[in-house]
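Asks: Can you read through this structure? Questions will come right after.
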Amino acid sequence: MSIKSYIIHCEQDKKGSLFSELQKLSNCEVIPAQNHEVIIVVTDTDSDESDNQLYNQLLEMKGLKHMSLVSGFDPK
Amino acid sequence: MVQNGIDRRSFVKKMAAAAAMTAAAAMFPGIIFASEQLENLPNGGDLDWKKGPCRFCGVGCGILVGIDKGKAVAVKGDPNSAVNKGLLCVKGYHQTMCIQSKDRLTHALVKKNGTYVQTPINEALDIVANKMKQTIEAHGKDAVAMYTSGQSTIPEGYVASKLMKGAIGTNNLDCNARLCMASAVTGFLTTFGADEPMGCYEDIDYADYFITWGNNMAEMHPVLFSRMLEQKNKRGAKIIDFATRTTRSSMASDKSILFEPQTDLAVANAICYEIINNGWVNKSFVEKHCNFSKGLTNIGYGTEDKFNFNDQPAGINFEEYKKFLEDYTPEIVAKYSKVSVMDIKYLANIYGNPNNRVVSYWCMGMNQHTRGTWMNNLVYNIHLLTGKISQPGNGPFSLTGQPSACGTAREVGTFTHKLPKGVVMNPKNRELAAKIWKVPVENIPSKPTYHATEMFRAVDRGDIKFIWTQVTNPLVSLPKTSRYRPGMEKDSCFVVVSDVFPTPTSDVADVILPASWHIEKSGLYGNSERRTQHWNKMVDGPGETMDDAWMTIEVAKRMGYGELFPYSKENHVDEIYNEYRQFHEGEKHGMAPLEVLKKESGVIWPYVNGKSTQWRFNAKYDPACDNGEDFHFYGKPDGRAVIWQRPFEPAAESPDEEYAFWLNTGRVIEHWHTGSMTRRIPVLHKAMPNAYVELHPEDAIKLGINNRDMVKVTSRRGSCTLPASINERGLPTKGQVFVPFFDEDLLINDVTLDAFCPISKEPDYKKCAVKIEKV
């Protein structure tokens, strides 16, 4: 039952394609930076299991260079 | 700030996104997030989007505020705004999150027997009006004062000026814009005879070089900086950062050049020396459009009460000016500025090359300077000598810090010497004001009284017995608050504070009036590029909050001036603007009509024949040019701008054996000025919870100081103890420390010096001497 936000650092010239792929994921809000190879992702999951699953899915995405967790909330 | 119509989960998601954007802003100078984020906001499709200007900073970004069931639930950049084209910075995105802070001032508070008692607003306004009237009756009209703001709307500034100067008949009105851009005003007036930049932000799209003079734009004007970075990436435009401290702007620039505090005066002269010595002067431009002048020297620093100075300009010729510059060869200046000969020549070459289009940007570094007017003159000299002015991509551009420092403080004129058009010293300007205000011309005194610093000295001395502050927090923002806080606490002065939140200034008030926040009222601002921006009220304020303009009108009516303030509560903003607009009729300063401002995302003045004037003084763009030449500096009677001979003079206080460090103060990206709003926005507060003192790593090693060690910063005025920051946000030069001033719990202005530029009366917050001790 957590909401987390991440900063995703994209590989050179991959922001566009990565953004498109991220938008296809459920439970994700995606905010690309206008002028840097950076995308913000906010995840919203209903269990620890689905949170881990989504996290691993993000890590495996093509064009993702690095991902760092910024905040985590449990809005129960 | 969980609001109706937005569930807790959605709210937390917004907070999570905001936290990530803030973190990204800390990692990447100038990073901007576009409006795509709004697609994912709760109820995004159903929100009612209202346009307006951003509440924070002088850039004047257009915002769209998403309203759901009468509450502001989202903010996005206005894609129709030519300023920001849909972009916003972290402060901009999160601005509305402060308005429902738990400690919001919602009702008037009146101090009774040492305790604040909630009081109906009408009763509180009665008390204010009666006290003001009684003070005038007992001590004369110059015993009352108002101190307003570059964040006041145009109507708020206008009615304050009309009440004080037209109705009561005192020039005891000044504003906090004195603290941030008064030197820019006097710089413009002495060089061009007309205030405000001649160019506009569109210069960014054309310039080959951006030279930033003591200006950390990545943190202070992030949207403009992102536009510059875009041109850097797209066209190869170059950014040169000239400063006393390495900042995020330096890191994102093509070149960073550091100078010893105060020596920017000498370096600017050295650039002019090089321009002349290398034959890079645009002779035809200078011969046709410029005069040369000098003023008095050794002009003092204003540290004593009742300091007075009047410059005595005298014409000189080009040869005399050239001779004067011989003291400023790169070789001589390099010795004390710590800027290499090569770098001085590099800067001069950028300006001197006729094929380069160059914009110079500056803000507090040049303005908050005991020779701030001179510094502004000197940068104009560079642009005038080379003819790089008033053309797309070529020009000097003084940026403002506050959203309506130009629109309200400078154009309406909420300074002691100003009127909505012109100055109190000018009989014709007084006559026009008297005619429009419908008051006898004798009502308006012909002599200015107190500028900001001197106003609070007068409070301390007991000369001012009633002061009303609006939209400002002087007991955090004034220099040398160690004197002015006890001064304001004295029983000799009755203090009225209008504000949205409690502040250290409201803590000393006798009456606290609850003010409407930005989007809870209609209003107009004017930004750095002469753009007037209108917005309609978007949401209701809580409790008995009231806009400052209406509070002033209510007090004026209670004092017996009702006939002069015949405005309606529902429509007073429009009525006041239409009255004010009469002051600026004509091709030189015509303001756009309300119907245009309501439709557009801001309009640049002069607005002539339905069109904004983007580049003033250039006949190609400016219909007010009528001398038959390409350029016409019509602010001066002979149509010529002035190249000023201004020497290097030392700072008011320099490091010595006991106080061995320079203290420089300033801002951070997360916080707006004294932090009274942004520290109530959780995500911004968490990102930057407290002030700190930056040291150079070598100084830190010498003093045995590590990151987070507590360090006492002491001057001859006071001290402040803060955690150390080494190699983090910024990096001061050796022998210098930097402290941001946003934190009311760590008041660095107890330490600063109230020295000011004798011409502009703007204090120098960038230079005083301090000692540093680990505690």
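Here's the yes/no breakdown for (1) in a helix (DSSP H, G or I); (2) away from chain A (no Cβ under 12 Å); (3) within 17 Å of the chain's Cα centre (by Cα):
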residue: B:Ile204; (1), (2), (3): yes, yes, no
residue: B:Phe210; (1), (2), (3): no, yes, no
residue: B:Asn215; (1), (2), (3): no, yes, yes
residue: B:Val223; (1), (2), (3): yes, no, yes
residue: B:Arg227; (1), (2), (3): yes, no, no
residue: B:Gln231; (1), (2), (3): yes, no, no
residue: B:Lys234; (1), (2), (3): yes, no, no
residue: B:Ile239; (1), (2), (3): no, yes, no
residue: B:Phe242; (1), (2), (3): no, yes, no
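Asks: Quick check on my filter: what residues within the range A:61-76 are over 11 Å from the mean Cα position of the chain (by Cα), in a loop (DSSP other than H, G, I, E, B) and more than 8 Å from chain B (Cβ to nearest Cβ)?
Replies: Selection gives A:Lys62, A:Gly63, A:Asp74, A:Lys76.
Yes/no matrix, rows are residues, columns are (1) assigned to a helix (DSSP H, G or I); (2) in the same structural domain as B:Ala207 (by TED's automatic domain parsing); (3) farther than 30 Å from B:Phe210 by Cα; (4) not aromatic (Phe, Trp, Tyr):
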| site | (1), (2), (3), (4) |
| --- | --- |
| B:Gly395 | no, yes, no, yes |
| B:Arg410 | yes, no, no, yes |
| B:Met425 | no, no, yes, yes |
| B:Arg430 | yes, no, yes, yes |
| B:Val439 | no, no, yes, yes |
| B:Lys447 | no, no, yes, yes |
| B:Tyr450 | no, no, yes, no |
| B:Met455 | yes, no, yes, yes |
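Asks: Show me the strands (runs of 3 or more DSSP E) entirely contained within the range B:254-353 in which 2 or more residues are more than 22 Å from B:Gln368 (Cβ to Cβ).
Replies: Because the criterion is at least 2 residues that are more than 22 Å from B:Gln368 (Cβ to Cβ), the strands (runs of 3 or more DSSP E) in the range B:254-353 that meet it are B:290-294, B:314-316.
Asks: Considering B:Gly214, B:Gly193, which residue is in contact (Cβ under 8 Å) with a residue 12 or more places away in the chain, buried (at least 24 other Cβ atoms within 10 Å of the Cβ) and at positive phi?
Replies: B:Gly214
Yes/no per residue for (1) under 25 Å from the mean Cα position of the chain (by Cα); (2) part of a loop (DSSP other than H, G, I, E, B):
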position: B:Gly635; (1), (2): yes, yes
position: B:Val642; (1), (2): yes, no
position: B:Ala651; (1), (2): yes, yes
position: B:Glu658; (1), (2): no, yes
position: B:Glu670; (1), (2): yes, yes
position: B:Gly675; (1), (2): yes, yes
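Asks: Go through the range B:158-188 and give me each residue that's more than 15 Å from the chain's Cα centre (by Cα), closer than 22 Å to B:Glu579 by Cα and not β-branched (Val, Ile, Thr).
Replies: B:Tyr158, B:Ala160, B:Ser161, B:Lys162, B:Leu163, B:Met164, B:Lys165, B:Gly166, B:Ala167, B:Gly169, B:Asn171, B:Leu173
Asks: Now a separate question. With B:Gly315, B:Gly295, B:Gly300, B:Gly279 as the choices, which residue is more than 23 Å from B:Ala641 (Cβ to Cβ), out of contact with any His (no Cβ under 9 Å at 6 or more places or on another chain), at pLDDT 95 or above and surrounded by fewer than 22 Cβ atoms within 10 Å (Cβ to Cβ)?
Replies: None of the other options fit; the residue is B:Gly300.
Asks: Residues that are over 21 Å from B:Ala641 (Cα atoms), surrounded by fewer than 19 Cβ atoms within 10 Å (Cβ to Cβ) and polar (S, T, N, Q): does the range B:283-292 have at least one?
Replies: The answer is no; no qualifying residue exists.
Residue by residue, here is whether (1) closer than 30 Å to B:Lys490 by Cβ; (2) crowded, with 23+ Cβ neighbours inside 10 Å; (3) small (Gly, Ala, Ser) holds:
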| position | (1), (2), (3) |
| --- | --- |
| B:Val59 | no, yes, no |
| B:Gly70 | no, no, yes |
| B:Val83 | no, yes, no |
| B:His94 | no, yes, no |
| B:Lys111 | yes, no, no |
| B:Tyr116 | yes, no, no |
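Asks: Does the range B:42-64 contain at least one residue that is at pLDDT below 75, closer than 29 Å to B:Pro689 by Cα and outside the structural domain of B:Ser516 (by TED's automatic domain parsing)?
Replies: Checking the range B:42-64: at least one residue is at pLDDT below 75, closer than 29 Å to B:Pro689 by Cα and outside the structural domain of B:Ser516 (by TED's automatic domain parsing).
Asks: Another question about this same structure. Quick one: B:Thr186 ticks every box in (1) touching a residue at least 40 places away in the same chain (Cβ under 8 Å); (2) in a helix (DSSP H, G or I); (3) in contact with a strand residue (DSSP E or B) (Cβ under 7 Å, 6 or more places away or on another chain) bar one, so which box is it?
Replies: (3)
Asks: May I pose another question? Tally the residues that are within 24 Å of the chain's Cα centre (by Cα) and not small (Gly, Ala, Ser), restricting the search to the range B:440-473.
Replies: So the answer is 17.
Asks: Identify, by number, the condition in (1) surrounded by fewer than 23 Cβ atoms within 10 Å (Cβ to Cβ); (2) closer than 30 Å to B:Trp280 by Cα that B:Ile436 doesn't meet.
Replies: (2)
Asks: In addition: Could you check the range B:613-633 and list, in sequence order, the residues that are crowded, with 22+ Cβ neighbours inside 10 Å and not in a loop (DSSP other than H, G, I, E, B)?
Replies: B:Phe631 - this is the single residue of the range B:613-633 that is crowded, with 22+ Cβ neighbours inside 10 Å and not in a loop (DSSP other than H, G, I, E, B).
Asks: Now a separate question. State all residues of the range B:544-562 that are of a type in the set (Asp, Glu) and either closer than 17 Å to B:Ala160 by Cβ or not assigned by TED's automatic domain parsing to the domain that holds B:Ser149 (or both); if no residue qualifies, say none.
Replies: Across the range B:544-562, the qualifying residues are B:Asp547, B:Asp548, B:Glu554.
Asks: If B:Ser249 meets every condition in (1) under 24 Å from the mean Cα position of the chain (by Cα); (2) surrounded by fewer than 23 Cβ atoms within 10 Å (Cβ to Cβ); (3) of a type in the set (Ser, Thr, Tyr) apart from one, which number is that one?
Replies: Every listed condition holds for B:Ser249 apart from (2).
Asks: Now a separate question. Specify which of the listed residues (B:Lys421, B:Lys435) is at pLDDT 95 or above and either aliphatic (A, V, I, L, M) or not in a helix (DSSP H, G or I) (or both).
Replies: Selected residue: B:Lys421, the only one of B:Lys421, B:Lys435 that is at pLDDT 95 or above and either aliphatic (A, V, I, L, M) or not in a helix (DSSP H, G or I) (or both).
Asks: Residues that are crowded, with 16+ Cβ neighbours inside 10 Å and under 24 Å from the mean Cα position of the chain (by Cα): find the strands (runs of 3 or more DSSP E) completely inside the range B:688-749 holding 2 or more of those.
Replies: In the range B:688-749, B:693-695, B:736-740 are the strands (runs of 3 or more DSSP E) which contain 2 or more residues that are crowded, with 16+ Cβ neighbours inside 10 Å and under 24 Å from the mean Cα position of the chain (by Cα).
Asks: (1) without any contact (Cβ under 8 Å) to a residue 12 or more places away in the chain; (2) at positive phi: which one isn't true of B:Lys702, the others all being true?
Replies: (2)
Asks: Looking only at the range A:12-54, count how many residues are more than 11 Å from chain B (Cβ to nearest Cβ), under 12 Å from the mean Cα position of the chain (by Cα) and touching a residue at least 40 places away in the same chain (Cβ under 8 Å).
Replies: Within the range A:12-54, residues that are more than 11 Å from chain B (Cβ to nearest Cβ), under 12 Å from the mean Cα position of the chain (by Cα) and touching a residue at least 40 places away in the same chain (Cβ under 8 Å) number 3.
Asks: Does B:Val128 fit the bill of being within 25 Å of the chain's Cα centre (by Cα), aliphatic (A, V, I, L, M) and not in a strand (DSSP E or B)?
Replies: In short, no.
Asks: Would you please name the residue that is surrounded by the most Cβ atoms within 10 Å (Cβ to Cβ), looking only at residues in the range A:10-50 that are more than 14 Å from A:Lys62 (Cα to Cα) and of a type in the set (S, T, N, Q)?
Replies: A:Thr43
Asks: For the range B:467-530, please list each of the strands (runs of 3 or more DSSP E) lying entirely inside it that holds at least 2 residues being modelled with pLDDT of 95 or more and aliphatic (A, V, I, L, M).
Replies: B:494-499, B:511-514
Asks: Shifting gears a bit: Which condition number does B:Pro120 fail, the rest of (1) assigned by TED's automatic domain parsing to the domain that holds B:Ser522; (2) at pLDDT below 95 being met?
Replies: (2)
The values are calculated or read from the model by the stated rules, or taken from the named source; none is laboratory data. This is a predicted model, so every value here is computed, not measured. Glycine also receives a Cβ, built like all others from the backbone with ideal geometry; neighbour counts cover every protein chain displayed.
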